[in-house]
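The values are calculated or read from the model by the stated rules, or taken from the named source; none is laboratory data. Please read these numbers as outputs of a predicted model, since none were measured by experiment. Glycine also receives a Cβ, built like all others from the backbone with ideal geometry; neighbour counts cover every protein chain displayed.
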Amino acid sequence: MYRRTPAFGRAPEAWSSMKGIVFTEFLEMVEHRFGLAMVDRIIEEAAPDSGGAYTAVGTYPCRELLQLVGALAAATATPAPRLVQAFGHHLFGRFHEAYPALFEGVGSAFAFLLSVEQVIHVEVRKLYPDAELPSFDYETPASGTLVMLYRSHHPFADLAEGLIRGCIEHYGNPIDVARQDLPGRAPFSTRFTLTAR
Amino acid sequence: MKRDELPAPTASAAATGGDELALLQRQLQRERRARKSAEALLETKSREVYAANQRLLGLNAELGAANDGLRSEVELRRQAERHLTIYAEAVRSTGEAVIVTDPQGTIIEVNPAYEHFVGRAREELIGQRLYADGGPDATLWNALRESGHWTGELLDRRRNGESFPSWVLINALRDDSGAASHYVCVARDMTALKQSEQQLKRLAFYDTLTQLPNRALFNDRLGIALEAARRSGKLTAVAYLDLDRFKDVNDTLGHPAGDRLLVEVADRLSRCVRSCDTVARMGGDEFTILMTQLDGQADAIAVAERVIDAVSRPVSIGGHPVCVGASMGLVFFPEDADTSDELHRRADIALYEAKQGGRSQYRLFDASMLGKDGERMSLTVMIDAALKQGEFRLVYQPIVCPASGRIDSVEALLRWQRSTGETVAPGQFIRHAEECGLIRRIDCWVLENACAAAMRWQAGAHGAPRVCVNLSAVSVQQTAMPRLIASILERTGLAPDRLELEITETAVIANPEAVRRVLDEIVALGVGLSLDDFGTGYSSLSYLTRFPIQCVKLDRSFVERIGNDAPCEEVIRSVLELTRKLGLRVIAEGIEQPAQQEFLARMGCELMQGFYLGRPMPEAQLQALLGGRHAEVLECTATGSTS
């Protein structure tokens, strides 16, 4: 059985924004990987309403991240999902640097991923009461297998996959990840099946 | 997916030199805008934090105030709980029964005293009706509904079925709407009190030595006999009798022999009369006989002759034949007098004539014996003159607490010394003054002078003593008396609590309702009230406690029996116990011997008065006593050198 969390049912306007840290981290990654000129280029091409002047503490339309990712995909001739997954991977490392307390006493990738919904999202909401977070339902159908059902108003299953993989790499556990996008839109649902080797 | 999997930077993304400057400018602008928006956000958040902080401070203050309120409420509750504990303990340990009922009179709580009274456990009593056997009638419930209060006597029942009288006080507790929510009933077991009253009545109406009726009972029966005689038209005779040479027996053979002789005489007298007649001992060797429903004087004369014959026969006491005789005076109703007082007086005159005529004789009263009666008129004139010419004076007898040596109060006593030097004893004129109305002026004179004197007395370690003044039965019934007392207190400046008025039982019960109103007003002034000569009259403590008295003076007739009359001592003990329970002070009068003082002290009687402790003394001597030369003066007065 899935444990359901009450994250859905709101109007699209309400979920159309993201925390600024996602934008600043994304641009950090682009600058680090492709250089400042690429950052400037994709902002110029995407021409977001905010003008690309992001601060980690601000809140910006979700649309702008999609525009920036689209511009980066075009500029690098790389599929957008790959870019977003890479960003998720990058973001996990940044989380680890920024919030070491969340990792204390958590000894495995499974343990960390299981704590996302009940521990990490709870902490995030304390800091950002208006944060729009995805929800995860968990299932353990067999020993060594963890099923995570992702639901979000944002089409960012790729970001989630990147984060999951970043986590697995961080802990160095040998785990395979199988992904199944479920049909339908808003909320977007994706089923990740993680199997220990 | 790893970062390495991302494509390598392409040349198309790199800017030219000129482009690079523009790029940096754009980037700078973005950073600047980002900084400004971060600052604006910071400003907004700061204000929000400030507002939130203010709200928190306000909430904190409210919380503090609420906390203070809560703390004081907790303290009040604790105090209330402490009070409750104290009251509960008081109710649990009091000797009086306490019963709580619901508005229907069903018992919901009792204290251990009540369990003890009725010999039943609390669990048995709860749920029962209040005084189910004694039957509080409709009057009680009506009174409770109207005034919320009731006091009176009810019958209760013990487990063994025996019923007993209780003096009960019931108060209603009301809820917010004013309706009775509970009744609290405080009850006192009156069994011992009633028994003691019976004993007191026996003592009050019978002579303990001879078991004959005493003066009080004789007078009561005489009154009844005269009423009956008025209806039947038959004759009633009163005989006064005393023994010839009785003093010689006392002097030569001692008082115990005298007492045995009196017992024998009493027995012989009783054998000479019919069962409907009354032989009484008036005191000493004086006896009276009441003969009722006589057909003629001859019946009484026959009795007189039998009596003289019976008494003149020798009596063997301790092996000694003792011979005494009897002299008698006889008077008839309605021929010789038509009131009790006059019958007494004329019988006494006839007895006097009999003794004048020689021993062992009787005399019938004769009008010619009234030669000295003119004195009655002249006594009125003399009292009036004494008041005008200042022949009255006051002497003061201390009432002391022998254990501490403290002088509790001082009784003012009236003395009359005529200008001729002759002293007239109160017994010789007070009764007459009461009859002719002059007593009111005498009472006023005594009050005024006693209060003025008390103002001159020096306060000792325990303050200046109270002054006790006797108030006559006539004054006690006067509605103007409280006003008069108030004006005397004002004139003399004496504090009301330093004045104590002594009244007699007979004064109280003659006209109880009127007297009670007067006494209530006197007590309301702050003046004390004590009951004088207790034990010589009606002697019902439960009845007398309805009057606002604070003190009882045990009559000297009890005190003089100490040491030779065990039943009397038992009565003294129970009187003291009862007065203590009723919250009354007791003063024993007539202490003349150390043994009497010791006995009374042992019985817990603290206050005493009598020649042994201090004779009546002039004011100057009293002041010396109060001034500190206490022992010296008491010694003088005890030896009688200054009386």
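I'm trying to understand the selection: among the residues of region A:77-107, which are away from chain B (no Cβ under 14 Å) and assigned to a helix (DSSP H, G or I)?
Within region A:77-107, the first condition is being away from chain B (no Cβ under 14 Å), and the residues that meet it are A:95-107.
Answer for region A:77-107, where residues must be away from chain B (no Cβ under 14 Å) and assigned to a helix (DSSP H, G or I): A:PHE95, A:HIS96, A:GLU97, A:ALA98, A:PRO100, A:ALA101, A:LEU102, A:PHE103.
Has region A:57-74 got at least one residue that is buried (at least 20 other Cβ atoms within 10 Å of the Cβ), part of a helix (DSSP H, G or I) and facing chain B (nearest Cβ under 8 Å)? Show your work before the answer.
If we filter region A:57-74 for residues that are buried (at least 20 other Cβ atoms within 10 Å of the Cβ), which is where we start, we get A:58, A:60, A:64-65, A:68-69, A:71-72.
Next cut, part of a helix (DSSP H, G or I) only: A:64-65, A:68-69, A:71-72.
Subsequent filtering for residues that are facing chain B (nearest Cβ under 8 Å) retains none.
Looking through region A:57-74, none of the residues is buried (at least 20 other Cβ atoms within 10 Å of the Cβ), part of a helix (DSSP H, G or I) and facing chain B (nearest Cβ under 8 Å).
Of B:THR208, B:THR252, B:THR236, which residue is part of a helix (DSSP H, G or I) and polar (S, T, N, Q)? Steps first, answer last, please.
Details: B:THR208 fails: part of a helix (DSSP H, G or I); B:THR236 fails: part of a helix (DSSP H, G or I).
So the residue among B:THR208, B:THR252, B:THR236 that is part of a helix (DSSP H, G or I) and polar (S, T, N, Q) is B:THR252.
Quick one: is A:PHE110 touching a residue at least 12 places away in the same chain (Cβ under 8 Å), on the phi < 0 side of the Ramachandran plot and facing chain B (nearest Cβ under 10 Å)? Full working, then the answer.
Numbers: touching a residue at least 12 places away in the same chain (Cβ under 8 Å): yes; on the phi < 0 side of the Ramachandran plot: yes; facing chain B (nearest Cβ under 10 Å): no.
Taking the combined requirement at face value, the residue does not satisfy it.
Give the residue, chosen from B:VAL527, B:VAL575, B:VAL571, that is at pLDDT below 85 and in contact with a strand residue (DSSP E or B) (Cβ under 8 Å, 6 or more places away or on another chain).
Result of the check over B:VAL527, B:VAL575, B:VAL571: B:VAL575.
Yes/no per residue for (1) surrounded by 17 or more Cβ atoms within 10 Å (Cβ to Cβ); (2) touching a strand residue (DSSP E or B) at 6+ places or on another chain (Cβ under 6 Å); (3) assigned to a strand (DSSP E or B):
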{"position": "B:PHE117", "(1), (2), (3)": "yes, yes, no"}
{"position": "B:GLU123", "(1), (2), (3)": "no, no, no"}
{"position": "B:GLU146", "(1), (2), (3)": "no, no, no"}
{"position": "B:LEU155", "(1), (2), (3)": "no, yes, yes"}
{"position": "B:LYS201", "(1), (2), (3)": "no, no, no"}
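Could you say whether any residue in region A:10-17 is modelled with pLDDT of 85 or more, buried (at least 18 other Cβ atoms within 10 Å of the Cβ) and touching a helix residue (DSSP H, G or I) at 6+ places or on another chain (Cβ under 9 Å)? Give the steps one after another, and end with the answer.
Initial filter on region A:10-17 (modelled with pLDDT of 85 or more): none.
The answer is no; no qualifying residue exists.
Hey, among the residues in region A:28-56 that are more than 8 Å from every other protein chain (Cβ to nearest Cβ), outside any loop (DSSP other than H, G, I, E, B) and closer than 13 Å to B:ARG26 by Cβ, which one's farthest from the chain's Cα centre (by Cα)?
Ranking the candidates gives A:GLU45 first.
Give me the helices (runs of 4 or more DSSP H) completely within region B:436-537, filtered to those with at least 2 residues that are under 15 Å from the mean Cα position of the chain (by Cα), ordered by residue number.
Working: elements: B:439-456, B:473-476, B:481-492, B:505-510, B:512-524.
The helices (runs of 4 or more DSSP H) meeting that bar are B:505-510, B:512-524.
Just one of (1) over 18 Å from B:GLY119 (Cα atoms); (2) at pLDDT 85 or above; (3) not polar (S, T, N, Q) trips up B:GLU153, so point out which.
For B:GLU153, the failing item is (2).
Among the residues of region A:126-133, is any within 14 Å of chain B (Cβ to nearest Cβ) and within 22 Å of A:THR195 (Cα to Cα)?
In the first step, residues of region A:126-133 are kept if they are within 14 Å of chain B (Cβ to nearest Cβ); the result is A:127-130.
After this cut, where a residue has to be within 22 Å of A:THR195 (Cα to Cα) as well, the list is none.
Scanning region A:126-133, I find no residue that is within 14 Å of chain B (Cβ to nearest Cβ) and within 22 Å of A:THR195 (Cα to Cα), so the answer is no.
Just to check your reading of the model, which residue among B:ALA347, B:ALA337, B:ALA412 is surrounded by 12 or more Cβ atoms within 10 Å (Cβ to Cβ) and in a helix (DSSP H, G or I)?
Working: B:ALA337 fails: in a helix (DSSP H, G or I); B:ALA412 fails: in a helix (DSSP H, G or I).
Being surrounded by 12 or more Cβ atoms within 10 Å (Cβ to Cβ) and in a helix (DSSP H, G or I) holds for just one of B:ALA347, B:ALA337, B:ALA412, which is B:ALA347.
Name the residues in region B:570-591 that are buried (at least 16 other Cβ atoms within 10 Å of the Cβ), out of contact with any Leu (no Cβ under 8 Å at 6 or more places or on another chain) and within 21 Å of B:ASP207 (Cα to Cα), would you?
Of everything in region B:570-591, those that are buried (at least 16 other Cβ atoms within 10 Å of the Cβ), out of contact with any Leu (no Cβ under 8 Å at 6 or more places or on another chain) and within 21 Å of B:ASP207 (Cα to Cα) turn out to be B:ARG573, B:SER574, B:GLY590.
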